[in-house]
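Input: a single structure, listed below in C-alpha cells.
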C-alpha cells in the first residue's frame with residue numbers, strides 16, 4: 001500500500017535503530033498510549049513481538065526509505081475498546097518531525113481502504129486521548145465520526161488517568 005509520499009510495509013528487525021530514534025521521544029509514545037522506548041534493544045523487542053503479523057505496518061517515507069511511524073488495526077480480541085466481531089480498531093503514530101504534514105491521514109486512508117475493500121470489514125473504530133486532539137482530527141479527515149463516548153483504556157500507558165474519545169467509521173459512510 002502506498003501513496004506518492006509514503007509506503008506501508010512490514011516492520012523489519014533492521015528498523016530497530018530508526019524506531020528507537022523516534023519512539024524514545026517523550027512527546028510521541030504517551031500520546032499514542034505507550035511509554036517512550038529506553039533502548040534500541042527495547043525497540044527491537046517491540047518489532048519482534050508487537051509489530052509482527054499481518055495488520056501492523058511501518059510508515060516508510062519514500063523520499064528517504066526511513067520508517068517514520070507505525071499504523072495498524074486491532075481485532076475484537078486485541079482492541080482497547082469494546083467492538084464487535086469483524087470490526088477493527090485503528091491506531092497510528094508518526095514521528096514528531098513529520099507532524100502536521102498529512103502523513104498520518106494518508107496512512108490512515110490506506111488502512112481504511114484495505115480494511116473495507118480487502119478485509120471486508122463493516123465498521124472501524126478509533127480512539128484518541130483527549131489531550132491529543134490532533135489524532136482525532138486525523139480520523140475526522142478520513143471520515144470517522146465522534147460517537148460522543150469517552151472512556152478509559154487501562155491497558156494503555158497512562159490510560160487509567162487519561163480518557164479517550166471513541167470515533168467510528170462505518171463502511172456505508174464511505175461507499176453510499
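Structure values in brief
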| read-out | value |
| --- | --- |
| Unique residue being out of contact with any strand residue (DSSP E or B) (no Cβ under 7 Å at 6 or more places or on another chain), surrounded by 17 or more Cβ atoms within 10 Å (Cβ to Cβ), within 26 Å of residue 125 (Cβ to Cβ) and in contact (Cβ under 8 Å) with a residue 40 or more places away in the chain when the list is 93, 34, 57 | 34 |
| Subset of the stretch 18-30 [surrounded by 19 or more Cβ atoms within 10 Å (Cβ to Cβ) and either in a loop (DSSP other than H, G, I, E, B) or within 13 Å of the chain's Cα centre (by Cα) (or both)] | 28 |
| Yes/no for residue 88 being surrounded by fewer than 21 Cβ atoms within 10 Å (Cβ to Cβ) and either more than 10 Å from the chain's Cα centre (by Cα) or over 23 Å from residue 147 (Cα atoms) (or both) | no |
| Filter result (without any contact (Cβ under 8 Å) to a residue 40 or more places away in the chain, under 23 Å from residue 36 (Cα atoms) and surrounded by 13 or more Cβ atoms within 10 Å (Cβ to Cβ)) within the stretch 138-176 | 152, 162, 163, 165 |
| Residue satisfying all of: in the stretch 160-176; assigned to a loop (DSSP other than H, G, I, E, B) and modelled with pLDDT under 90; farthest from residue 114 (Cα to Cα) among these | 176 |
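The values are calculated or read from the model by the stated rules, or taken from the named source; none is laboratory data. Computed from a predicted model, the values in this text were never measured in an experiment. Backbone-built Cβ (ideal geometry, glycine too); neighbour counts: all protein chains shown.
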